[in-house]
Structure formats: C-alpha cells, structure tokens
Amino acid sequence: MSFSEEHGAELLQLFLESAQELVLTLNEEAIRLEQRGDASEALRTIRRLLHTLKGDSAACGLGNFSALAHQVEERLDRETEARSMAQIVIAAADGFAKMLHELGAAAVCTSSGDITQEGTAEQPGAKRVLRHYRLLAAADPQCAARDIPLQMLRRVLSELGEVVTIKATDDRIAAEIWSAAPANEIAMQCHIHSSLRT
C-alpha cells in the first residue's frame, strides 16, 4: 500500500471518529434550540458544527456527506422560526448518523492502474478494461471467529474479479483484485456490517 493510500485510510478513520462526536453535539444543540428557543447561541454552534462536517467530509472525498451539510446550511439561512430550524437539524443529524454507520461498515477501495483484457473463449472479439484495486478493511476486534471476515471478503471479491492477494492481521484485512467493476460497486459489495469496518 502506498503512502497516499495509507494516509487516505487514516484520514477517513479520523473523520469517522471526529464526525460521530460532531453529530452527537449537533443533535444536542438542536434539542436545546427546540426546547429553549435560544436561537443565537445554539445556531452559532450548529452552524460551526455543520461547517466543520462539510469541510472535513469534503477533504476526505465524501461528496454526499459534504453536500448534505451544505443543504442544511442553506435551509437554515432561509428559516426564521427556531422550532423549524431545530427539526431540520435533528433530521440532518439522523441522516449524518446513518451515513457514518454505512461508512464505518464499508471498505476503502482504491485503484492503482488498469489493463485491457483481450477476448475470452466465450467472446473472442470482446475487450474489457480491468482495473487493479487495493482494498483495506479493519476486522472487528469483537468478532469471535477472526477467519470469518477474511473468508466472507474473499468470497465477495472472487465474485467481482480475480483476487491477487488477500491477507489478514489482527485488526486489518488487505486485498488486491483485478476487476472490471467500478470502485464504488466493489466497496458496496464488501459492505459487511457484522464483520468489517473501515
């Protein structure tokens, strides 16, 4: 794994950890806003939290997360009533929490090059582009059978392409695969909630 890939995985892990705290605080401030109607202090905090979530997620390449934060900021700019603002923020905090859960269960998948494969016996004239992917996932330390996540990941990846290597340590699984599938499809297929987290 290259330095930039390791850095990206570490950055994403840091984002996941800090974003959970930010979303909890966002939800608490929205409840405070709804109960007290104290718009000025709570709104300042909410806007700061949204801005941080938007910037940090954009830095990690999480466009959907960043876009949601931006949409909430814009909606708050148009809203004047404290209870409506609080409901917008509570709904957004729920959305952020769901996204964080999905991100935490997904695998990090990066591409490092591609080749063109000539036709097969079934389709002699067909050509397809295969991309070399590196996949990094963290094994859940609470999983009693450590080989189960590895076997599950191996099975999923073998259905998506040719597995070059797959290795597990106590807390990580690293794999390389040649596949015609796009990176987001590989990451989605490797979305194994009970066994893997980023």
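Quick note: the coordinates plus some simple rules give every number you see, no bench work behind them. Keep in mind that what you see is a predicted model, and the values were worked out from it rather than measured. Cβ: placed from backbone, ideal geometry, glycine included. Neighbour counts: every protein chain shown.
Structure values in brief
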| item | result |
| --- | --- |
| Cβ-based exposure ranking for S40, S179, in which fewest neighbours within 10 Å come first | S40, S179 |
| Dipole magnitude (debye, nearest 20) for the stretch 3-104, charges at Cβ of Lys, Arg, Asp, Glu | 380 |
| Order of M99, M85 under a 10 Å beta carbon neighbour criterion, fewest first | M99, M85 |
| Extension gain, E185 back to V129 (0.36 nm per residue minus Cα-Cα distance, nm) | 18.6 nm |
| Listed residue (A86, F96, A19) projecting farthest to the positive dipole end of the stretch 3-104, Cβ model | A86 |
